[in-house]
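The values are calculated or read from the model by the stated rules, or taken from the named source; none is laboratory data. Computed from a prediction, not measured in an experiment: that's the story for all the values here. In this analysis, Cβ positions are derived from the backbone assuming ideal geometry, glycine residues included, and neighbour counts consider all displayed protein chains. Heavy atoms of the whole protein, side chains included, go into the accessibility calculation; ligands, DNA and RNA do not. Shrake-Rupley method; radii C 1.70, N 1.55, O 1.52, S 1.80 Å.
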Amino acid sequence: MENKTNFSQLLSPFSIKGVELKNRVVFLPHEPYYGSEDHLPTEKHQFYYEERARGGVALIVMPSLGVHPSGYYACQVAAKEESLPRLKEITATVHAYGTKIFAQLTHYGNQTKSVETLQPTWAPSAIPDMTVREIPKEMTGEEIATLVKAFGQAAQLLMQANFDGFEIKVAHDGILRQFLSPAKNARKDEYGGSLQNRARIVIEVLKEIRPYIGDKPLGIRLCLDEFIPNGYSIDDAIEYAKLFNPFVDYINSDFGTWESMAYSLPSLNFEQGFHLKAIARVKKAVTVPVIASGRIIQPAMAEQVLESGTADLIGLARGLIAEPYWVKKVEAGEIEEISECTGCNQKCIGRLLQNRAISCVVNPASGFEENYSRQVLSSRSPNPQKVVIVGGGPAGLKAAELAARKGHQVVLFEKSDSLGGRVKLESSLPGKKELGGVIRYLTYVLNRLNVDIRLNTEATEREVLAEKPDLVVIATGASRLNNPGTYSIEDVLNNKVSGENVLVMDYDAGLEGTGAVEYLANQGKTVHWATPVFFNGQDNEVATVLLPIYGRLGTKKVIAHPMSVMVKFDNGQATLLNPYFNRTEILSGIEAVIVTGLRAADNALYAALKGKVKNLHLIGDAAAPRDTAAALADALSLSSNL
């Protein structure tokens, strides 16, 4: 990561219709799923936004406030009277740090379900979103008028909550973008047909809102390319942007839909700054400020975006979920201390798509700021102790960071010649290099915090006790359980798998198994991919991570065998059992079998120290073999004992 100390553009102030922003960084609107079942904001929202405000961000856009019950989604916050008390607390909290906050207004249209609205869902036409698959009701003219008025009424109500500005959502979800979309709008009246007709309702909504908010900024989160069959493209979006330009004070860029979510929330499958060329085209076509978005992770790229005139402001969502203090660290010149988003999408969009509150792999404190804010985690212990940690994988490294930040003396043993544990393997898999960012960050921080790191040292009971520790953390990972005659993921990466027709028996269904399949397929091998789960690779984040991998594997010689386990392998014949269909399948000519996902905890040292150390803790795979996210979360949970 480039340690550039002069970010003159990024840290310069900016004004949107008289609202002064202290720098150019915007916390983009994104649904955290923290709302209550009756669509009210919660204390969780308040702590979440406070942490980013404390971290120095200039503007927060609070997302997707529902304007009408016909378009509510589960746990979405609604613009209603009952929401005002907490919304006022949120805006007051954010304002205390000199941060501004805007309210985004929306209606989900065909992207909600009647089980949520208790009535047929509204849409421009009776065309479903294919991720929801529920056929909506085509809106009448009267319902369109009701919707337009609802946006105005919502803005009028939310003025009482002291928001600094407003934004309408015409983005990857929401009924207003559905009206723009030729794929979803087949109307024959004045709201359908031509591009101008499809844009009509958006202009009506903007005009409806303006009298209620006076001189406050009014922006639009605009999808610039739907990336779906028969949807609108960047060329159409530029025309839309020109139409909306006279009625808005800024354009907040957005891409894709739920049917093309990989483009809405580009994962590590996509290069950083993936959407910047399209954003630059829009910027040239309009006269209002433009907010850039889409995998802008590093400050140097953000600065270049501003210097080049590609955009006026830098929008971050996942980057600030992973590192709430991104701006403060840029201001301090501490670029290497930024805990970067790796683009894994596992606990942000991955959890959201399961209708669960979001968090973050590299920052497990995200969403739990009430108990694990940066202030709490960095508060010095009144009683510094000596902490010994065994294991230099993600769990051990994170525990060492948290202990050292508390002021404890930390010794970390690692038996290999480098830190990283399982992440070293995971970041070596195809397309997964960025996963190594968490180890880069932790290694840098531990050195800066003067942690005593002892590589090439396998800690024994005697060595640990010789340190006279006050607290010991065992994070020794897990071992493979592969059967004799089979290969491991390490064998795959070390190119030890011979033969052209191979079977991957994937018990992992995540990074390891999927990565082994892609690695072998890239060598030109025919890969039979068997897994006991319902679809191959299902424990990856599906919409933005797995589906692009499927796209790559579709061009290779990969044959999927879901819901299957290998029960016999003899003389090149592998017998697969599908217990759900109660049938077997025989694969012939198999030259090698690779097994992924079978591991057992390495906890012998923990057992040996039990009763000999007063404060002894077992975390990560050494406690229970899981994934990197769980390892880092284990370390966070341990922090209350430090």
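Determine whether the range 322-342 contains at least one residue that is part of a helix (DSSP H, G or I), surrounded by 24 or more Cβ atoms within 10 Å (Cβ to Cβ) and touching a Ser or Thr at 6+ places or on another chain (Cβ under 6 Å). Scanning the range 322-342 turns up at least one residue that is part of a helix (DSSP H, G or I), surrounded by 24 or more Cβ atoms within 10 Å (Cβ to Cβ) and touching a Ser or Thr at 6+ places or on another chain (Cβ under 6 Å). Note on the range 597-642: among residues that are touching a helix residue (DSSP H, G or I) at 6+ places or on another chain (Cβ under 7 Å) and at positive phi, the one that is most open to solvent (accessible area, probe 1.4 Å) is 597. The set of residues in the range 432-449 that are touching a Gly at 6+ places or on another chain (Cβ under 8 Å) and closer than 20 Å to residue 546 by Cβ comprises 432, 434. Applying the condition of being more than 23 Å from residue 522 (Cβ to Cβ) and in contact with a Lys or Arg (Cβ under 9 Å, 6 or more places away or on another chain) to the range 421-447 and asking which residue is surrounded by the fewest Cβ atoms within 10 Å (Cβ to Cβ) yields 445.
I'm checking my understanding of the structure. Among residues of the range 147-196 that are charged (D, E, K, R) and assigned to a helix (DSSP H, G or I), which one is most open to solvent (accessible area, probe 1.4 Å)? Before you say what the answer is, go through the steps one by one.
To start, the set of residues in the range 147-196 that are charged (D, E, K, R) comprises 149, 164, 167, 169, 173, 177, 184, 187-190.
Subsequent filtering for residues that are assigned to a helix (DSSP H, G or I) retains 149, 177.
On the way: 149: 116, 177: 4 Å².
This residue is 149.
The set of residues in the range 389-429 that are under 14 Å from residue 344 (Cβ atoms) and either in contact (Cβ under 8 Å) with a residue 24 or more places away in the chain or in contact with a strand residue (DSSP E or B) (Cβ under 9 Å, 6 or more places away or on another chain) (or both) comprises 394, 422, 423, 426, 429.
Hey, could you check the range 529-541 for residues that are under 19 Å from residue 568 (Cα atoms) and surrounded by fewer than 24 Cβ atoms within 10 Å (Cβ to Cβ) and say which is nearest to the chain's Cα centre (by Cα)? Looking at the filtered set, the residue picked out is 533.
Any residue at all in the range 455-471 that is under 22 Å from residue 420 (Cβ atoms), open to solvent by less than 70 Å² (accessible area, probe 1.4 Å) and within 29 Å of the chain's Cα centre (by Cα)? Scanning the range 455-471 turns up no residue that is under 22 Å from residue 420 (Cβ atoms), open to solvent by less than 70 Å² (accessible area, probe 1.4 Å) and within 29 Å of the chain's Cα centre (by Cα).
If I filter the range 483-502 down to residues being outside any strand (DSSP E or B) and hydroxyl-bearing (Ser, Thr, Tyr), which single residue comes out as surrounded by the fewest Cβ atoms within 10 Å (Cβ to Cβ)? Going through the qualifying residues, I end up with 498.
Scanning the range 515-531 for residues that are in contact (Cβ under 8 Å) with a residue 40 or more places away in the chain and either in contact with a Gly (Cβ under 9 Å, 6 or more places away or on another chain) or under 18 Å from residue 580 (Cα atoms) (or both) gives 515, 517, 518, 530.
Are any residues in the range 503-519 among the hydroxyl-bearing types (Ser, Thr, Tyr) and surrounded by fewer than 24 Cβ atoms within 10 Å (Cβ to Cβ), and if so, which ones? Those that are among the hydroxyl-bearing types (Ser, Thr, Tyr) and surrounded by fewer than 24 Cβ atoms within 10 Å (Cβ to Cβ): 507, 519.
Quick check on this structure: which one of 574, 543 is among the hydrophobic types (A, V, I, L, M, F, W, C) and farther than 30 Å from residue 631 by Cβ?
Exactly one residue qualifies, and that residue is 574.
Residues that are within 24 Å of residue 476 (Cβ to Cβ) and of a type in the set (Lys, Arg) do occur in the range 378-391. Within the range 542-580, restricting attention to residues that are among the small types (Gly, Ala, Ser) and within 18 Å of residue 486 (Cα to Cα), the residue that is surrounded by the fewest Cβ atoms within 10 Å (Cβ to Cβ) is 572.
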